[in-house]
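The numbers here are math on the coordinates, done by the rules we state, and not lab data. Just so it is clear, the structure is predicted and the values come from calculations on it, not from any experiment. Note that we place each Cβ from the backbone using ideal geometry, even for glycine, and neighbour counts take in every protein chain shown.
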Amino acid sequence: MRRLRGFLALGLTGLVLLATAVPVGPASAAEEKVPKRPPAGPLVTIHAPNPAQLEVSLEEIELDWSADPASRGRVPAASAVEVASARLTASADLRAVFSLTGMRDLGDLRTMARALEAVNPGARGHLVVYEPGQDRTPGARQVLTREVAFLLEDGYGPAAVLAGLARGPAREVRSVRGGYVVEAVDPVAALDLADALRQRPGVTSAYPLLKRLRFPR
């Protein structure tokens, strides 16, 4: 349990795991009286470590330049380039949000992310997610990244459990024994990678990482 708590502490660096977003215990009477809207986007399940669903927005996508060394000291989001069916609606330094039209599923979102990345060098496309049926307020907004965290039992190493899976090199989380983070090719692939890792011997937990970031007013 101590190891798991330490792993969830990754959220302190800006990575917010689903466990921090799911209410604990029964809802208050006031909350129960507020009807939730039907989900409008695809539902995905994140195990962090318990399974819970998130709704992927088909109406927005975020670009992030923070992992691009060439963007340090620059403000690339200020000159973010639009493509067909994607309109720039907000930007702040290394982040830009686009409003989308015509998206039907995760496949369309993946295609759109790649199109935006192609005309915005150094940017990575992130999917935007909410709790199902929740009002889409800035405080409820999270982004699904391409990073996957996983925890190994003693005696197992990352090379063996990652063999044959499409991904980048594993990075050790030194503060957590057996903890690692690996990158998939995109956020949709991160969902599949986490699912595949949970089936591997020696893996006790695997889930895509989320970020909860707000734009300055």
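Data table
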| quantity | calculated |
| --- | --- |
| Formal net charge of residues neighbouring Tyr130 (Cβ-Cβ distance under 12 Å; K, R +1; D, E -1) | 0 |
| Placed amide H near Val128: partners under 5 Å, 5+ positions off or other chain | Ser57, Glu62, Leu144 |
| Cβ-based exposure ranking for Ser99, Ser91, Ser57, in which fewest neighbours within 10 Å come first | Ser99, Ser91, Ser57 |
| Along principal axes, Cα extents of region 55-138, largest first, whole Å | 39, 24, 19 |
| Rel. contact order, % - alpha carbon contacts under 8 angstrom, at least six apart, region 55-138 | 42 |
| Region 59-217: C-alpha gyration tensor shape, a/c 1.5 cut-off, then a/b vs b/c | prolate |
| Cα pair distances exceeding 17 angstrom across region 116-194, given as percent | 57 |
| Fewest-first sequence of Val188, Val129 by Cβ atoms within 10 Å of each Cβ | Val188, Val129 |
| Leu213, Leu43, Leu152, Leu100 arranged by Cβ crowding within 10 Å, fewest neighbours leading | Leu43, Leu213, Leu100, Leu152 |
